[in-house]
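Q: Attaching a single structure in structure tokens format; questions to follow.
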Amino acid sequence: MYTPRPEDKFTFGMWTYSNPGRDPFGDTTRAVPNLEFHCRAAGKLAELGAYGVNLHDNDLVPITATPAERDQIVATYRKALNDAGLKVPMATTNMFSHAVFKDGAFTAADPTVRAYALRKAMEGIDLGMELDAKIYVFWGGREGTEVDAGKDLVESVKRYRDAFNFLIGYVKDQGYNIKFALEAKPNEPRGQIFLPTTGAMLGFIQTLDDPDFVGVNPEFAHEQMAGLSFPHAVAQALDAGKLFHIDLNDQAPGRYDQDLRFASVNYKDAFTLVKLLEDNGYSGSKHFDAHAYRTEDEEGVWQFCAGNMRNYLILKEKVAQFNADAEIQALVAELQADVDGVAGLMTYTPDNASALRARSFDIEALGAKGRKLELLDQLTGDLLLGVR
Ligand code: DIG
Ligand code: MN
Ligand code: MN
């Protein structure tokens, strides 16, 4: 039971399983990763049942590498992936580690930094294509401010848009089969990060020259950091046909970005999220953008990787149980029932408008009707806690 298989499409970023445990108050607690470790890790992840590995350009190729060194590294890693049978479904550019990006990349006030960011993104996209990635994520970790007076806030949105319009043009001219997914975060590492939520990203995408080319990559921790509901953000992305990728993890409210193991904190939100993905036939990667506790050794890291996938599969079974539970389903149906036959009146036609204006509503009776949500929530909790 709960054994992950490649067809589950579970993926891990190279930066997740190889996180060396450094934090703002302490040094590494695990080995700093090198190419040999990543090649070995490919086999280990395949053994655990993962489908693929995602990467930033510099997770694999150091920013200082020569073209010859780059080609050698890519060839070595491709062999390890092929031997392990792992895919690279998603790639992305690191535009947040090097000091050059300390005040942003696409929205940096310095135009030379913006120009360099475009070149680096084109090279990152080339690398992603070489590894047969289908989704290219953009997380603007440094795109923001501590001092709002330092940037024209409207011009910054325009610069962001110009960058994506440029890179979409590049991808089309190259004939690449890849789509973009934008990942929001409200803050950290910047005091304020531009386009802070998935909702903001969905609005921004509509201002691009080719909105169909771009979707979103919502992350559980990032919506929760903003005090928002991750399932609600994902539901809006699904409705818009824009859920191109997803970063799964967990997060305690009101904390820095903890990137905890999926469903290790918010079981009910994680259940709701898995129900959304499964009920709506989400077929993309289920990417765990998380890392093991700083306390763990390498064995603990593999237990962390296995735990992410195990938790998803346990909740997937709970969703099937919820959907098959006669009492729960009867209650859910009852709560949505169109007892007065008004559903057909709520698509605009002049007749429907007249019918609604002519109709009498007993709002006192409507307001007095119990919604049975205590019962539904208890039944759901019973199911999640394994007593139903
Ligand atoms: C952080 O949540 C970001 C970076 O790790 C990466 O750019 C992106 C891809 O999952 N998530
Ligand atoms: Mn995160
Ligand atoms: Mn992420």
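The values are calculated or read from the model by the stated rules, or taken from the named source; none is laboratory data. Bear in mind the structure is a predicted one, so any value in this text is a computation, not a measurement. Quick reminder, even Gly has a Cβ in these numbers, built from the backbone with ideal geometry, and neighbours come from all protein chains shown. SASA here: full protein model, heavy atoms, side chains in, ligands and nucleic acids out. Shrake-Rupley method; radii C 1.70, N 1.55, O 1.52, S 1.80 Å.
Q: Could you give me the residue pairs with C-beta distances under 6 Å whose first residue belongs to the stretch 246-266 and is free of Cβ contacts under 8 Å to residues at least 40 places away in the same chain, whose second residue is more than 15 Å from ligand 1 (Cβ to nearest atom) and open to solvent by 30 Å² or more (accessible area, probe 1.4 Å) wherever it lies, and which are 6+ apart or on separate chains?
A: Final answer for the pair search is A252/V265.
Q: Quick check, is K172 touching a Ser or Thr at 6+ places or on another chain (Cβ under 8 Å), open to solvent by 10 Å² or more (accessible area, probe 1.4 Å), farther than 19 Å from N217 by Cα and not aliphatic (A, V, I, L, M)?
A: Spelling it out, it is not the case that K172 is touching a Ser or Thr at 6+ places or on another chain (Cβ under 8 Å), open to solvent by 10 Å² or more (accessible area, probe 1.4 Å), farther than 19 Å from N217 by Cα and not aliphatic (A, V, I, L, M).
Q: Does E188 satisfy being more than 18 Å from the chain's Cα centre (by Cα) and either modelled with pLDDT under 95 or open to solvent by 50 Å² or more (accessible area, probe 1.4 Å) (or both)?
A: Judged against the criteria, E188 is not a match.
Q: Which residue is nearest to V154 (Cα to Cα), if the candidates are limited to the stretch 193-218 and must be open to solvent by 20 Å² or more (accessible area, probe 1.4 Å) and touching a Pro at 6+ places or on another chain (Cβ under 8 Å)?
A: That would be P196.
Q: List the helices (runs of 4 or more DSSP H) inside the stretch 219-316, counting only whole elements, that have at least 2 residues being out of contact with any strand residue (DSSP E or B) (no Cβ under 8 Å at 6 or more places or on another chain), more than 15 Å from ligand 1 (Cβ to nearest atom) and open to solvent by less than 20 Å² (accessible area, probe 1.4 Å).
A: Where helices (runs of 4 or more DSSP H) fall fully within the stretch 219-316 and carry at least 2 residues being out of contact with any strand residue (DSSP E or B) (no Cβ under 8 Å at 6 or more places or on another chain), more than 15 Å from ligand 1 (Cβ to nearest atom) and open to solvent by less than 20 Å² (accessible area, probe 1.4 Å), they are 267-279.
Q: Here's a follow-up. Output the number of residues of the stretch 213-263 satisfying the condition of being more than 16 Å from ligand 2 (Cβ to nearest atom) and over 18 Å from S283 (Cβ atoms).
A: The total comes to 6.
Q: State all residues of the stretch 364-388 that are touching a residue at least 24 places away in the same chain (Cβ under 8 Å) and open to solvent by less than 70 Å² (accessible area, probe 1.4 Å); if no residue qualifies, say none.
A: Passing the criteria: L376, L379, T380, G381, L383, L384.
Q: Still on this model: Regarding the stretch 110-120, can at least one residue be identified that is open to solvent by less than 50 Å² (accessible area, probe 1.4 Å), aliphatic (A, V, I, L, M) and in contact (Cβ under 8 Å) with a residue 24 or more places away in the chain?
A: yes
Q: Take Y77 and tell me if it is out of contact with any Pro (no Cβ under 9 Å at 6 or more places or on another chain), on the phi > 0 side of the Ramachandran plot and either open to solvent by 40 Å² or more (accessible area, probe 1.4 Å) or away from ligand 2 (no atom under 16 Å from the Cβ) (or both).
A: The answer is no for Y77.
Q: Could you tell me whether N323 is within 20 Å of S264 (Cα to Cα) and either in a helix (DSSP H, G or I) or free of Cβ contacts under 8 Å to residues at least 24 places away in the same chain (or both)?
A: no
Q: Only one of A240, A200 is of a type in the set (G, A, S), away from ligand 3 (no atom under 14 Å from the Cβ) and within 28 Å of D173 (Cβ to Cβ). Can you tell me which?
A: Going through A240, A200 in turn, the sole match is A240.
Q: Those residues that are hydrophobic (A, V, I, L, M, F, W, C) and either farther than 30 Å from Y77 by Cα or within 16 Å of ligand 2 (Cβ to nearest atom) (or both), I need them from the stretch 132-175; list them, please.
A: If the condition is that a residue be hydrophobic (A, V, I, L, M, F, W, C) and either farther than 30 Å from Y77 by Cα or within 16 Å of ligand 2 (Cβ to nearest atom) (or both), then V137, F138, W139, V147, A149, L153, V154, V157 are the ones that fit.
Q: Give the residue that is surrounded by the fewest Cβ atoms within 10 Å (Cβ to Cβ), with candidates limited to residues of the stretch 88-109 that are among the polar types (S, T, N, Q) and more than 18 Å from N187 (Cα to Cα).
A: T93
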